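Before any comments, here is the structure.
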Amino acid sequence: HVQLVESGGGSVQSGGSLRLSCAASRYTSQYFCMAWFRQAPGKEREGVASIGGNGVISYADSVKGRFTIAKDSTKNTFYLQMNSLKPEDTALYYCAAELGINYCRATSQFGVWGQGTQVTVS
């Protein structure tokens, strides 16, 4: 019954910034792995960043130094701050979660997905 809802997408020029939000309802436990994915037309879904309930964060090499993942425990919301955006960042961005563990792992099974929010960089 957990629901993830993304927001904050839009259209920006190269070098601009956006902050994506992922609100997680009906689940306030620390046992989670939350990740941001993106998918562009004709390409495989790509992992962007992840954060576990233990606070450990990881980033894809393509976004390291430009994107920041964070959480607001009070609001039960996750964020992806995207700076220095490039046209190749254009994609549909999803948040996803594995529940029941407080860390992210290579074998994570993301059973909960948001509806996606479009990011377009021109």
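The values are calculated or read from the model by the stated rules, or taken from the named source; none is laboratory data. All values reported here derive from a predicted model rather than from experimental measurement. Cβ: placed from backbone, ideal geometry, glycine included. Neighbour counts: every protein chain shown. Just the protein is used for accessible areas: all its heavy atoms, side chains included, with ligands, DNA and RNA removed. Shrake-Rupley method; radii C 1.70, N 1.55, O 1.52, S 1.80 Å.
Of the residues Leu99, Ser11, Leu85, the one whose Cα sits farthest towards the positive end of the charge dipole of the chain is Leu99 (charges of +1 on Lys and Arg Cβ, -1 on Asp and Glu Cβ, taken about the Cα centre). Solvent-accessible area per residue in the chain equals 52 Å², computed with a 1.4 angstrom probe and all protein chains kept. Counting only protein heavy atoms and a probe of 1.4 Å, the accessible surface of segment 1-103 is 49% carbon and sulfur.
Dipole magnitude for the chain: about 140 debye, using +1 per Lys or Arg Cβ and -1 per Asp or Glu Cβ, origin at the Cα centre. State whether the chain is rounded, prolate or oblate according to the following rule on the C-alpha gyration tensor (a ≥ b ≥ c being the square roots of its eigenvalues): a/c under 1.5 gives rounded; otherwise a/b larger than b/c gives prolate, and the remaining case gives oblate. Here the chain falls in the prolate category. Around the Cα centre of segment 26-73, unit charges on the Cβ atoms of Lys, Arg, Asp and Glu (plus for the first two, minus for the last two) sum to a dipole of about 100 debye. When the P(r) is computed for segment 73-122, the part past 12 Å accounts for 74% of the Cα-Cα pairs. Heavy-atom accessible area, probed at 1.4 angstrom with all protein chains present, ranks Thr74, Thr68 as Thr74, Thr68, highest first.
Counting only protein chains, not ligands or nucleic acids, how are Lys43, Lys86 ordered by accessible area (probe 1.4 Å), most first?
Lys43, Lys86
Highest mobility in the GNM of the chain, judged by mean-square fluctuation with C-alpha springs under 10 Å and restricted to Arg66, Arg45, Arg26, is found for Arg26.
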